[in-house]
Amino acid sequence: MGRGNQGNAVDSYCGVLTGGVLRLTSKGQVTIPQKIREKAGLKPYDEVEFEFENNQIVMRPLRGKRLSVGEEAIALLRGSATANLGMSTDDWMEITRGER
């Protein structure tokens, strides 16, 4: 597959790893193809920066402090207990504090 072909297959074009044509979501998000993430060494929750250079969007990984295994676990769980389970705050307080 060369540059400009549709699809999500990843191919090499003139020594450049390409990801085909990807669609931007209504939230401005795009999924980086797995082979490109692997080649760049990107892991879940890694931070990246974006710049607009020479009429192109450039994304660069931030290579600062990596998360420890514990920090990664917490990052994965962050926000997972915020689902609406049909319980009031008083119900949660009773469960967490026990009966008085």
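Rule-based calculations on the coordinates, nothing more; no lab input. All figures in this text were calculated on a predicted structure; none of them were measured in a lab. FYI the Cβ positions are ideal-geometry reconstructions off the backbone, even for glycines, and counts take in every protein chain you see.
Computing FRET efficiency as 1/(1 + (r/R0)^6) for Leu77 and Lys35, where r is the C-beta to C-beta distance and R0 is 35 Å, gives about 0.80.
In terms of packing, defined here as the mean over residues of other Cβ atoms within 10 angstrom, the peptides 87-94, 48-55 line up highest first as 87-94, 48-55.
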